[in-house]
Amino acid sequence: MLVILLAFIPWLILLALHMYLMCQKRNSEFFAHRSIVIIVMTQLYVFISSVLVATSLLVPSINFCIVLNCIYSLALPTCILPLYLGIPGLIVRSELNKMMVSRSQGHHSWKWKLRYFYSVRVKLLIIAIASIVQLGIYFCFQYNFTLLGDCQRYSIFPFTIIQIFYFLPIIFIGLKIRDVNDPHSIRLEIVTTLILILPAVICLFFFLTDKLPFAFQYLYLYATVVILFSNLMLPVIILYKKKTNKKTSQGGSDIDISAILTGSDYESFVSHCIANLVTENVLFYQDVESYKIFQTSEKAQHIYEEYIEREAPLEINIDDNIARQIKLNLPNYPANLFDEAQFAVSVLLKIDVIPRWRRTSQQHDFPLS
């Protein structure tokens, strides 16, 4: 047992690093599109189930049948389903960014409310329902059918049938997300997981035909390593590469953002922001500039509710301390109420968004201050 616990020390370290990065959500556009709640849920399941599965291999004298069957039944809803639930948001996120511009201009479409279907609460509800259904199917097999051979068949047989419905849409999904702009590498995370998990899916059929040359628990442990890599390690690696590339391409601190937003390149720049899912930053910058001219409590409240507070329609990524300070000073609505937030957004625009727009659109003549 001590060996098992020691083996999971790297997992604990990586999870702690991941959580540290994700807790800085307001500082990281990358993690703003990933749910810390769902990732923690998935990784806790992976950790606990891996310990139990490894223990069943080391202590074969103990009957782990019911425990293992429950673990296998929950594998699809807790590990694979969250990946699929991220796909609709990836497909429609560009459209939502276009709606952000219309919303800032006072045009409110009923389609905007559809974004709630991609919220964390709805995803958790779907995962919970799928988990209950999967466990229900297992217990139906357990008490209504007699299967010869390994007792794990009672969960693995329905698991194999259901996972077919999980993987059948892969071709359709692949075509759908192939051309979707994905600046936060969510597509890479999904595709990598599905490719790495494919050998385990194929081996399921060998187990059901008694041709698997090793215990099924080893196959499950392989799958948990895949989830560990794709769910924790891969996002950290991608983020590190993005930050490295950002450092090497930093510059443009002398760019006058206001000149761009009022110049002839405005539409080109906004189109780039929509494609790269950073529209809220430009809209916030513009609204703050407007607030400095027309300083009213209604305008200040609108900006706070639209961009600053948690789960705001156009929530921007700023430090929590800045957000708290804005909330504290909101009743007095001073002229510099949003200055720190605007500065944080302007840094992002100058060192990342505008240079990328410059490279993409080959705009070499920038308005400089």
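The values are calculated or read from the model by the stated rules, or taken from the named source; none is laboratory data. Because the structure is predicted, anything quoted here is derived from the model rather than measured. With ideal geometry, Cβ positions are generated from the backbone for all residues, glycine too; neighbour counts draw on all protein chains shown.
Exactly one residue among Ser49, Ser28 is assigned by TED's automatic domain parsing to the domain that holds Tyr220, modelled with pLDDT of 65 or more and not β-branched (Val, Ile, Thr), and that residue is Ser49.
Within the stretch 271-317, the set of residues being within 17 Å of Asp339 (Cβ to Cβ) and of a type in the set (Asp, Glu) comprises Asp287, Glu289. The single residue among Leu85, Leu76 that is in a helix (DSSP H, G or I), within 29 Å of Val282 (Cβ to Cβ), modelled with pLDDT of 70 or more and not assigned by TED's automatic domain parsing to the domain that holds Arg310 turns out to be Leu85. Across the stretch 291-322, what is the total count of residues that are polar (S, T, N, Q), under 24 Å from the mean Cα position of the chain (by Cα) and part of a helix (DSSP H, G or I)? Going through the stretch 291-322 one residue at a time, the tally reaches 1.
Quick one: would you say Lys111 is in the same structural domain as Val67 (by TED's automatic domain parsing) and at pLDDT below 65? Show your work before the answer.
Working: in the same structural domain as Val67 (by TED's automatic domain parsing): yes; at pLDDT below 65: yes.
So Lys111 fits the description; yes.
Just one of the numbered conditions (1) at pLDDT 80 or above; (2) over 20 Å from Cys79 (Cβ atoms) is not true of Arg178: (1). When Val278, Val288 are checked against the criterion of being surrounded by 14 or more Cβ atoms within 10 Å (Cβ to Cβ) and closer than 18 Å to Val353 by Cα, Val278 stands alone in meeting it. As a summary of the residue check, Ala335 satisfies the conditions (1) of a type in the set (A, V, I, L, M, F, W, C); (2) part of a helix (DSSP H, G or I); (3) loosely packed, with under 13 Cβ neighbours inside 10 Å except for the one numbered (2). Residues in the stretch 314-346 that are within 20 Å of Glu298 (Cβ to Cβ) and of a type in the set (Gly, Ala, Ser): Ala323, Ala335, Ala341. Please verify whether Gln325 is in contact with an Asp or Glu (Cβ under 8 Å, 6 or more places away or on another chain) and in a helix (DSSP H, G or I), treating the condition exactly as stated. Against the criterion (in contact with an Asp or Glu (Cβ under 8 Å, 6 or more places away or on another chain) and in a helix (DSSP H, G or I)), Gln325 qualifies. Being in the same structural domain as Leu221 (by TED's automatic domain parsing), surrounded by fewer than 16 Cβ atoms within 10 Å (Cβ to Cβ) and either modelled with pLDDT of 85 or more or within 17 Å of the chain's Cα centre (by Cα) (or both) is a description that applies to Ile66. Looking across the stretch 181-208 at every residue that is over 25 Å from the mean Cα position of the chain (by Cα) and not aliphatic (A, V, I, L, M), the one that is modelled with the highest pLDDT is identified as Cys203.
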